[in-house]
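Inspection log for the structure reproduced underneath, given as structure tokens.
The values are calculated or read from the model by the stated rules, or taken from the named source; none is laboratory data. Treat the numbers as computed from the prediction; the structure is a model and nothing was measured. Cβ: placed from backbone, ideal geometry, glycine included. Neighbour counts: every protein chain shown.
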Amino acid sequence: MGNVQGCDLAFGGALVVVAAVVFSVHRLFFTVLIRYPWSGLVVAEEQKVRDKSEKVMFAGSLNPPHHGHIAMITYLAERYGEVVVVIGINPKKNYKVSPARRKKLLEDMITGSKIKGKVQVEVVAGYIWRFALRENVSIMFRGIRSWKRDGSDERLLFLQNTWGPILLGPLKWPLPQHFLEGKPEYNHISSTLIRDMCLEAKKEGKKPNLNALVPKSTADDVAKLYSS
């Protein structure tokens, strides 16, 4: 009898693993990508109403945040009821500009925009998906310039967010993960570009002009933080 029960458990466990593998492959190859222009997305009226009751998450390092990030966050804040922007951190890693300062930068950028009061910014250590489950998030969003340019870098994180709840717990079905394609006019902007400009300006003893890359109200703060 014991052997039969053991076989049943093993078979059940194998089925779970197989189902998870199939699910992961399906999610990876049939990724939800919201292409620009976002306004061209056809959304039924019933879905619009449901969206306004949902809480979504936008995650990234935002090191530093820039116009491209703000455009995507603005779209989400206008479409959904609640938006949580998460700056993920590794507690073992030392950052030149702390996550807390990046959080303040983003909050200042949002304060000067039309989505003031509609977005919550959090610094999260550990697994982002675990935080999302705790906060009853409906959809996890990631911003990309295009799948061709950024897709390969996103796959590992995508699989981690898929398998994490199944293997590491709490045992729950993985949250939907959607990718939001950036506004073409900002796709030349990256956090790396801004950091490099600040370092180059520092070497030359100049102040970097970041007005075309970040909101003007925070350009001086970004320059100061990333040139020090």
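Looking at region 45-79, which of its residues are touching an Asp or Glu at 6+ places or on another chain (Cβ under 8 Å) and surrounded by 21 or more Cβ atoms within 10 Å (Cβ to Cβ)? Scanning region 45-79 gives Val56, Met57.
Across region 99-153, the number of residues qualifying as basic (Lys, Arg), outside any helix (DSSP H, G or I) and in contact with a strand residue (DSSP E or B) (Cβ under 9 Å, 6 or more places away or on another chain) comes to 3. Pairs are defined by a Cβ separation below 6 Å, a sequence spacing of at least 6 or placement on different chains, a first member in region 110-121 that is under 11 Å from Ile70 (Cα atoms), and a second member that is surrounded by 17 or more Cβ atoms within 10 Å (Cβ to Cβ) and among the polar types (S, T, N, Q); the pairs so defined are Ile115/Thr74. Which of the residues belonging to region 160-188 are surrounded by 16 or more Cβ atoms within 10 Å (Cβ to Cβ) and either in a helix (DSSP H, G or I) or aromatic (Phe, Trp, Tyr) (or both)? Listed by number, the residues that qualify are Asn161, Thr162, Trp163, Gly164, Pro165, Ile166, Phe179, Tyr186. Considering Pro184, Pro176, Pro99, the condition of being under 16 Å from the mean Cα position of the chain (by Cα) and either closer than 24 Å to Tyr36 by Cβ or acidic (Asp, Glu) (or both) is satisfied by Pro176 alone. Remark: Gly68 falls outside the filter, which requires a residue to be modelled with pLDDT under 95 and part of a helix (DSSP H, G or I). Tallying residues that are farther than 22 Å from Ile70 by Cα and either in contact with a Leu (Cβ under 9 Å, 6 or more places away or on another chain) or at pLDDT 90 or above (or both) within region 136-155 yields 2. Suppose we filter region 189-228 for residues that are closer than 25 Å to Met57 by Cα, among the hydroxyl-bearing types (Ser, Thr, Tyr) and buried (at least 17 other Cβ atoms within 10 Å of the Cβ); how many remain? Looking only at that region, the number is 2.
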